[in-house]
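Read-outs throughout are calculated quantities, based only on the coordinates presented, and are distinct from any laboratory measurement. Because the structure is a prediction, the values reported are computed rather than measured. Quick reminder, even Gly has a Cβ in these numbers, built from the backbone with ideal geometry, and neighbours come from all protein chains shown.
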Amino acid sequence: MIKTAIVVLMIIIGYPTINQAQVNDNDTLTTDSGLKYVYIHHGTGEITKMHRLILVHYTGTFLDGKKFDSSRDRNTPFSFILGEKQVIKGWDEGISLLRIGDRVTFIVPYQLAYGEKGRGMIPPKSTLVFDVEVLDMKEKSLGMIVKDILYQDTVNFKIDKVIEVVRNLQSQNFNNVYVSESELNIIGYTLLTKVHRPDVAVEIMKLNVELYPDSANSYDSLAEAYMENGNKELAIFNYEKSLKLDPKNTNAEEMLVKLKQK
């Protein structure tokens, strides 16, 4: 946080712009768009490529140093497809300049962030500071593959095909495919709450439990899917599994009380 504050101060007082491919730590680069970035650490990996899945850790702060978000706090890398507008403009531009292993501080003007209106807890016209580390780059993620198969037929949903493909990829140790518990969980919840197909959601959540058998959250989500699909017995079973793995899971406790009262 101290280094970030120093970087911001240098920029505010007009630290000179440097335009060269190789720079030292504390050298500031400024792109034509106004994005500023400073290297914390230089990586030695492959340069990032457009339309590939990028994995990063990041911490986002305002200019005063107040933190508003951090993947590090969640201990879960953030993934997105570079160059497909899944992130703010400053990230699409800035991360396209980096390589695997690089860690930089981005200073993103509001025009390249959330604009004049802001979003959520980000006020209008906010310049944002991000400590970003590029962890890896993959061809695609398991979630992307699963969604591509599922939504080929939104009436029948090809869940059998999904299971077959996942099993095949698993036998290959998911070679060059990023696997994320949270990504599959989001797919399951989308099926559950937006598509209103709890039967399909159950199958996705079951896959997640198989891939992450020590995750209390995966069992909690499967229990909810079973509950919404009308299977009280399996909902109770999986909430109990979740609670055993995480005795502090108050949601599982509350849902078990409700289910056993019915």
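Could you order peptides 185-193, 45-53 by the average number of other Cβ atoms within 10 Å of their residues, highest first?
Details: 185-193: 19.6, 45-53: 14.0.
The packing order, highest mean first, is 185-193, 45-53.
In whole Å and largest first, what semi-axes does the C-alpha gyration tensor of the chain yield when each eigenvalue is scaled by 5 and square-rooted? Working shown, then result.
Details: eigenvalues 325, 91, 53 Å².
Output for the chain: semi-axes of 40, 21, 16 Å.
Put a dot 7 Å past each Cα toward the Cβ at Asp153 and Lys258; how far apart are the dots in nm?
About 3.4 nm separates the two model spin labels.
Over 26 Å between Cα atoms: which of Lys117/Lys138; Lys206/Lys260; Lys67/Lys258; Lys85/Lys138; Lys36/Lys147; Lys138/Lys248 fall into that group? Working shown, then result.
Numbers: Lys117/Lys138 33 Å; Lys206/Lys260 22 Å; Lys67/Lys258 37 Å; Lys85/Lys138 18 Å; Lys36/Lys147 36 Å; Lys138/Lys248 35 Å.
Beyond 26 Å between Cα atoms: Lys117/Lys138; Lys67/Lys258; Lys36/Lys147; Lys138/Lys248.
Once you have all Cα-Cα distances for region 140-261, histogram them in 5 Å bins from zero and send the whole-percent values.
Here the calculated profile for region 140-261 is 2, 12, 22, 22, 19, 12, 8, 3, 0, 0.
Once every DSSP H run of n ≥ 4 in the chain is given -39500 (n - 2.57) and the sum is divided by its residues, what mean residue ellipticity at 222 nm do you get, rounded to the nearest 500 deg cm²/dmol? List each step's numbers first, then the result.
Working: 10 runs with 110 residues, N = 262.
The per-residue figure over the chain is -12500 deg cm²/dmol.
Report, in debye and to the nearest 20, how large the dipole of the chain comes out about its Cα centre when Lys and Arg carry +1 and Asp and Glu carry -1 on their Cβ.
Working: 31 positive and 34 negative charges, 83 e Å.
For this selection, approximately 400 debye.
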